[in-house]
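Engineer: Supplied in structure tokens, the structure appears directly below.
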Amino acid sequence: MPTGPEIILALKVLVSAVTVLFAASIVAIATGHRRLHGRINLAFFVLTMTTVLGFEVLLRIGTDVSASFSPEARQALRVHLVFAVPSALLLPLMLWTGATRRRRLHRPLAGVFLLLWTATVYTGLFTLPSE
Ligand code: HEM
């Protein structure tokens, strides 16, 4: 059974990897490659959801990730989840509004998602203990 810090380290690696994809999709849309943006983000969606669900399963199987956390780390996890949970909820909506060309929804939501994702990655990489 992996320990809490091992799971967090794995998550840091996976989230960094999918963030490279997301960044590439932003470059794609900024340079007018709409279909490429859509395809990269489909991959981003599948990989991110797999990571989130895999993490959930690991938690349910019995590893209490935060069991060995200090009070500070517990607080950091709480702050991280304030951004991570809405990001994960918004992601299917991003895919749906993009794929069905609901521009008036997709564009404003994109701003919100970008802010939430940035905060999720920042707090995930720099405030959670992985050693
Ligand atoms: C900063 C984040 C994002 C920005 C600025 C952005 C922007 C855009 C824009 C401008 C379009 C073209 C449609 C239009 O004219 O409105 C588009 C299409 C699309 N977006 Fe996004 N988007 C972002 C994030 C996402 C995310 C997170 C997903 C999915 C998880 C996504 C999925 C799609 C899809 C599937 C399309 C349709 C592509 C096609 O027409 O083939 N986007 N996006």
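Quick note: the coordinates plus some simple rules give every number you see, no bench work behind them. These numbers come from a predicted model, not from an experiment. All Cβ positions, glycine included, derive from the backbone under ideal geometry; neighbour counts span all protein chains shown.
Engineer: If Leu116 satisfies all but one of (1) more than 7 Å from the ligand (Cβ to nearest atom); (2) surrounded by fewer than 19 Cβ atoms within 10 Å (Cβ to Cβ), what's the number of the condition it fails?
Structural biologist: (2)
Engineer: Within the set of pairs 6+ apart or on separate chains, which have a first residue in the stretch 113-126 that is more than 14 Å from Leu91 (Cβ to Cβ) and touching a residue at least 60 places away in the same chain (Cβ under 8 Å), a second that is assigned to a helix (DSSP H, G or I) and within 16 Å of the ligand (Cβ to nearest atom), and C-beta atoms under 6 Å apart?
Structural biologist: Short answer, once both residue conditions are applied: Gly124/Val15.
Engineer: In a helix (DSSP H, G or I), touching a Gly at 6+ places or on another chain (Cβ under 8 Å) and on the phi < 0 side of the Ramachandran plot - does that describe any residue in the stretch 95-103?
Structural biologist: Yes, the stretch 95-103 contains a residue that is in a helix (DSSP H, G or I), touching a Gly at 6+ places or on another chain (Cβ under 8 Å) and on the phi < 0 side of the Ramachandran plot.
Engineer: Cβ-Cβ below 6 Å, separation at least six or inter-chain, first residue in the stretch 71-83 and more than 16 Å from Ser130 (Cα to Cα), second surrounded by 12 or more Cβ atoms within 10 Å (Cβ to Cβ) and of a type outside the set (Lys, Arg): which pairs?
Structural biologist: What qualifies is Val79/Thr123; Phe83/Leu116; Phe83/Ala119; Phe83/Thr120.
Engineer: Where the second residue is of a type in the set (Val, Ile, Thr) and near the ligand (Cβ under 6 Å from one of its atoms) and the first is part of a helix (DSSP H, G or I) and lies in the stretch 18-46, which pairs have Cβ atoms under 6 Å and are six or more apart or on separate chains?
Structural biologist: His37/Ile29
Engineer: Can I ask one more? May I ask you to say which residue of Thr127, Thr100 is within 16 Å of the ligand (Cβ to nearest atom) and either within 19 Å of Leu9 (Cβ to Cβ) or among the hydroxyl-bearing types (Ser, Thr, Tyr) (or both)?
Structural biologist: Result of the check over Thr127, Thr100: Thr100.
Engineer: Scan the stretch 1-17 for residues that are without any contact (Cβ under 8 Å) to a residue 60 or more places away in the chain and either among the small types (Gly, Ala, Ser) or outside any helix (DSSP H, G or I) (or both) and report the count.
Structural biologist: Result for the stretch 1-17: 2.
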